Amino acid sequence: MARVLTGTQSSGRQHLGNILGAIKPAIELSKDPSNESFLFIADLHALTTIKDGKLIAENTHATASAWLAMGLDTDKTVFYRQSDVTEVCELSWILNCFTPYPMLENAHSFKDKSANLADVNAGLFTYPVLMASDILLYDAQIVPVGKDQKQHIEMTRDIAGAFNHRFPDTFVIPDARIQESIMTIPGTDGRKMSKSYNNYIDIFLPDKELRKKVMSIITGSQSLEEPKDPDTCNVFKIYSLLVSEEETLALRNLYLGGNFGFGTAKQMLFDKILSLFAVEREVFNHYFEHPELVDAELKKGAEKAKKVAQPILTKVRKCLGLN
């Protein structure tokens, strides 16, 4: 049996890119009886950028509601809030004491913002160590990530390997599972769909707001009569990720045939999102409007997570004479 671990940062609501690239694949992995899945909401990581407690709590509930709406079975997975398992903070401090400064200095998460050090807090600098702790605390064997997180998994392996060299067989060395599809989900402006670019589509928005977002997708300027290249159109790219090859081909032919406008394509995408995610949108609203139900699910998961985390942390403490 393989133990699979996935974390979702609660820096905002989950958008279509998160759902297609991370949430749905993780839920599919959790359905495999040969896998043991640990899925968590990374609210501690969110503190590196958000200092508003009310916003973090709201984002956490929205993120958890999205997972539940997409069909996550919490009886068959360990679904928890990162901050509810405080053992991760102790392990993070311990691993910080074993992590060399140059390793953290070379992390992309730090280097991308190092031009203005006044904007870099210590949490951002040691972000990779907390991520390593998230993984090593549960003996995770497989960590599905996008290509942009590959370096962090490599750092986790290095940190665990160095600790194991001094204290043999303490940590399981995890493997990254890179899913190329995560990098190919375009946003409304054609760049990778991301909260930081504000180019994302939140499928759980009310109808009117969702339609406005879909209609904001940047397209070409060809007239209605002109044939259009579907492969250069953001609407077509997003639509093709949601439908069958047959439906994709049908839309392609409409583009190539002319007398087909971008506005019509956007309306088709909007209608498709509503039809495909009708049940999920309803379930999301139910959970989001009842945060006590979400908290109950996360608490149940945290209790299961602690049963795994505590013996591993105890083993680490014994290595260091901390008991």
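Overview of values
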| item | result |
| --- | --- |
| For the chain, calculated [θ]222 nm from helices alone, where every DSSP H run of n ≥ 4 adds -39500 (n - 2.57) | -15000 deg cm²/dmol |
| Zone of S275's modelled label, taken as backbone nitrogen in region 225-259 under 19 Å from a point 7 Å along Cα→Cβ | 235-255 |
| Summed residue charge, Cβ within 15 Å of A69's Cβ, Lys/Arg positive, Asp/Glu negative | -3 |
| Within a Gaussian network of the chain (alpha carbon springs, distance under 10 Å), most fluctuating of L224, L68, L16 | L224 |
| Among M131, M268, M103: highest mean-square fluctuation, GNM of the chain, C-alpha pairs under 10 Å | M103 |
| Protection proxy ranking of 132-138, 305-311 - average other beta-carbon atoms within 10 Å, highest first | 132-138, 305-311 |
| Most mobile listed residue (I19, I56, I218) in the chain, GNM with C-alpha springs under 10 Å | I218 |
| [x] 107, 51, 45; [y] 123, 45, 37; [z] 76, 43, 38, with the label sought being that of the calculated Cα extents along the principal axes in Å | [z] |
| Gap separating the Cα centres of region 72-122 and region 246-291, nearest whole Å | 36 Å |
| Neighbourhood net charge (14 Å Cβ-Cβ; Lys/Arg +1, Asp/Glu -1) for T170 | +3 |
| Region 207-276: C-alpha gyration tensor shape, a/c 1.5 cut-off, then a/b vs b/c | oblate |
| Rounded if a/c under 1.5, otherwise prolate or oblate - region 131-289, Cα gyration tensor axes | prolate |
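Any read-out appearing in this document is the output of simple, stated calculations on the displayed coordinates, not a laboratory observation. Values in this document were obtained by computation on a predicted structure and should not be read as measured data. All Cβ positions, even for glycine, are placed from backbone atoms using ideal geometry, and neighbour counts span all protein chains on display.
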